[in-house]
Amino acid sequence: MGVVDRMRQALGLTTRATPAALNPAPRNDLAWPDDLPRQIRSVRDASLEIYRQYGLPTETGNYRAQGPEAPWERLPDNLSPSQKWELFQAAPEGAGWRFADRSGLGRHSTIEDVRQAAALLQKCDNLQRKLENNEEITANDITDAMLIGTASGFLLQANASKAPSTGHSPLMFTSASDDRPQND
């Protein structure tokens, strides 16, 4: 089973049927961590929680705000590209109208946590979209997957520090000199 198929299986996505005449060669023989889909979900959920805390929409889709202080309004999913362009063109010049997809809502926030959540959310959404659409995985995607894994590790560590103590002490590494008695 290839990398993309393993990721799809872990995310619960179905594979697309390939025409019998085509027998594509495996695109990628890298071994993704089995835990990556869970990491993507945990980082996406944490990013969306930051959005919630600061009053940004969390539902997937495209949005507009009719001014710098106006709330974000979700646009209908069934808008054609020409209808979206008409909306964009109808925005009064200089009125500060904004348009963005969900991950872009926090990109220009004055709050650092929101900007970081937006960047991580975009990486999660892009990586998942590539897996769902069977798109080629690039070196940048591997970098994003590593960043998502690191962010997920920080989330696990933060959650563990909030959890009640289990009576176990954290794993610590010491050198051999740490075990020797000190000569005073």
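The values are calculated or read from the model by the stated rules, or taken from the named source; none is laboratory data. Because the structure is predicted, anything quoted here is derived from the model rather than measured. Here the Cβ is made from the backbone with ideal geometry for all residues, glycine too, and neighbour counts use every protein chain on show. For the accessible areas, the whole protein counts, side chains as well, though only heavy atoms, and no ligand, DNA or RNA atoms are used. Shrake-Rupley method; radii C 1.70, N 1.55, O 1.52, S 1.80 Å.
Given a 1.4 Å probe and the protein chains as shown, residue 77 ends up with an accessible area of around 120 Å².
Test of the criteria: in the range 73-128, which GluC sites (Glu not before Pro) are in a DSSP loop and have at most 12 other Cβ atoms within 10 angstrom of their Cβ? Mind showing how you got there, number by number?
Values: sites: 73, 86, 93, 112; in loops: 93.
Filter output for the range 73-128: 93.
Distance between the pseudo-spin-label points of residue 135 and residue 52 (7 Å out from Cα toward the beta carbon): 2.8 nm.
Evaluating 6.51 cos²θ - 1.76 cosθ + 1.60 at θ = phi - 60° for every residue in the range 39-55, the Karplus couplings come out as 5, 4, 5, 5, 5, 4, 4, 5, 5, 5, 5, 5, 4, 4, 4, 9, x Hz, glycine and proline recorded as x. Per-residue extension of 0.36 nm, minus the Cα-Cα distance of residue 93 and residue 142, leaves a gain of 13.6 nm for this segment.
Please give the length that would be gained between residue 35 and residue 83 if that part of the chain were fully extended, namely 0.36 nm times their separation in residues minus their C-alpha to C-alpha distance (nm, one decimal). Please list the in-between numbers first.
Numbers: separation 48, 0.36 × 48 = 17.28 nm, distance 4.02 nm.
Gain on stretching residue 35 to residue 83: 13.3 nm.
Here the extension length gained between residue 65 and residue 126 equals 19.6 nm, from 0.36 nm per residue of separation less the Cα-Cα distance.
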